[in-house]
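Please treat every number below as a calculation from the coordinates, not as lab data. Just so it is clear, the structure is predicted and the values come from calculations on it, not from any experiment. Here the Cβ is made from the backbone with ideal geometry for all residues, glycine too, and neighbour counts use every protein chain on show.
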Amino acid sequence: MPFNTKGTGVAIITPFNTDGSIDFDALQKLVHHIVAGEAETIVILGTTGEPAVLSHDEKIAVIEAIVAANNGRAQLVLGIGGNNTAEVIRQLTLFPLEGIAAILSVAPYYNKPNQEGIYQHFKAIAEASPLPVIIYNVPGRTGINISATTTLRLAKDFKNIIATKEASGNLDQCTAILMGKPEGFDLISGDDNLTYPLMMLGASGVISVSANAFPDVMSQMVRHALAGDVKKALPLHYRLYHFTNLLFADGSPAGIKVALNQMGIVKYYLRLPLVPVNAETEKAIREEVVKVSRF
């Protein structure tokens with residue numbers, strides 16, 4: 001069955017125990033929570049999953065645990081990216097891909113390649129990948145921007161590059177992609193609070209952080225937006241707006257882990273170099289969880 005880019009994807013966190021080990025019981029609980037909230041897709045080992053601090057064996061264990069807990073209900077996307085093109089291609093052969101519908105691959109960070117280097121990086125991944133590829137553009141983390149021209153070039157040259165997750169925050173760039181994209185290629189919002197406006201421009205949905213906590217609210221908003229029902233979609237966008245801003249006020253995924261802890265789903269623990277949010281932000285997030293829940 002082909003991967004459907006439309007709808008709500010959840011960039012699932014990796015829960016930890018207080019000793020730093022992976023909390024697989026909480027991970028299973030979170031998968032059930034997301035599926036019950038009717039999100040269409042779960043994204044494994046995206047930025048929010050803290051893959052930078054997981055060993056290779058831990059990553060495999062997380063993948064297998066989520067595939068098992070999901071049991072074929074939501075679509076699954078796996079984050080496989082990096083700044084060493086050859087290593088990214090090698091990882092495509094090392095990770096278990098059974099049950100995975102597509103790959104999410106972040107722009108190469110730190111090296112700061114030019115646009116031709118970015119194109120060649122994703123060309124190599126597209127040619128090696130056994131699964132459809134979603135480009136992930138997040139300049140705030142990678143230090144480089146994938147231009148609209150490069151995105152459209154990749155979209156037109158490789159049929160298995162099916163979408164871009166755009167977290168540039170640049171509406172002009174997103175508009176250029178939406179206006180120039182070929183049939184069968186979609187733009188997915190990578191910024192929760194820009195999802196509604198981007199969908200009004202033609203985006204197909206979101207890969208969301210806040211939907212870890214409120215998959216029902218986000219998925220309802222996205223479905224209404226896809227149906228063109230502005231009157232139903234806009235209030236749901238506003239319902240999550242302050243909550244989402246707080247999640248990123250002092251670092252992500254620390255913020256969403258506070259929210260999930262408040263909801264009794266996970267322990268509030270991260271691995272260094274990430275640390276908890278400041279006390280003021282934590283208090284505000286916990287209060288906002290109650291407000292959104294009672295809305």
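Less than 13 Å Cβ to Cβ from Pro182, Lys/Arg counted +1 and Asp/Glu -1: what total charge do the surrounding residues give? Working shown, then result.
Values: positive: Arg153, Lys156, Lys159, Lys181; negative: Asp157, Glu183, Asp186.
The answer is +1.
Which one of Leu171, Ile118, Val290 is farthest out on the positive end of the charge dipole of the chain, using unit charges on Cβ (Lys, Arg +1; Asp, Glu -1) and the Cα centre as origin?
Final value for the positive-end residue is Leu171.
Distance between Cα centroids, the stretch 100-175 to the stretch 202-280: provide it in whole Å.
Centre-to-centre (Cα) distance: 24 Å.
Using a Gaussian network model of the chain with C-alpha springs under 10 Å, which one of Leu45, Leu201, Leu78 is most mobile by mean-square fluctuation?
The residue that fluctuates most here is Leu201.
With the cut-off at 18 Å, tell me which of the pairs Lys165/Lys231; Lys123/Lys156; Lys29/Lys232; Lys6/Lys29 have Cα atoms farther apart than that.
Values: Lys165/Lys231 26 Å; Lys123/Lys156 11 Å; Lys29/Lys232 29 Å; Lys6/Lys29 25 Å.
Beyond 18 Å between Cα atoms: Lys165/Lys231; Lys29/Lys232; Lys6/Lys29.
Neighbour counts of other C-beta atoms within 10 Å: give me Asp216, Asp192, Asp229 arranged from fewest to most. Please list the in-between numbers first.
Values: Asp216 17, Asp192 24, Asp229 11.
In increasing order of surrounding Cβ atoms, one gets Asp229, Asp216, Asp192.
Summing +1 for each Lys or Arg and -1 for each Asp or Glu, what net charge is found among the other residues whose Cβ lies under 14 Å from the Cβ of Lys59?
Numbers: positive: Arg90, Arg271; negative: Glu50, Asp57, Glu58, Glu64, Glu87.
Net charge around Lys59: -3.
How large is the convex hull of the Cα atoms of the stretch 7-230 per residue, expressed in Å³ as a whole number? List each step's numbers first, then the result.
Values: hull volume 25.6 nm³, N = 224.
In the stretch 7-230, the Cα hull volume divided by residue count equals 114 Å³.
Using a basic spin-label model with each label point 7 Å from the Cα along Cα→Cβ, how many nm lie between Thr149 and Tyr238?
4.1 nm
Express in nm, to one decimal, how much length is gained between Asn111 and Glu127 on full extension, taking 0.36 nm for each residue of separation and deducting their alpha carbon distance.
On the way: separation 16, 0.36 × 16 = 5.76 nm, distance 2.17 nm.
Gain in length upon complete extension: 3.6 nm.
Among DSSP bridges having both ends in the chain, what percentage is antiparallel? Round to the nearest 5. Before the final figure, lay out the partial values.
Details: 1 of 30 bridges.
Counting only bridges with both partners in the chain, antiparallel ones make up about 5 percent.
Over the chain, calculate the relative contact order: mean separation of alpha carbon pairs under 8 Å at least 6 apart, over the residue count, as a percent.
Working: 551 pairs, mean separation 56.3, N = 295.
Reported relative contact order: 19 percent.
Filter the chain for me: DSSP H helices, axial length by Cα at least 24 angstrom, mean Kyte-Doolittle hydropathy not below -0.5. List them by residue number. Please report the intermediate quantities before stating the final value.
Details: long enough: 230-247 (25 Å, 0.04).
Those that pass (Cα extent of 24 Å or more, hydropathy at least -0.5) are 230-247.
Can you give the local net charge around Ser252? Use residues other than it whose beta-carbon is closer than 12 angstrom to its beta-carbon, Lys and Arg +1, Asp and Glu -1. Working shown, then result.
Numbers: positive: Arg141, Lys257; negative: Glu50, Asp191, Asp192, Asp250.
Neighbourhood net charge equals -2.
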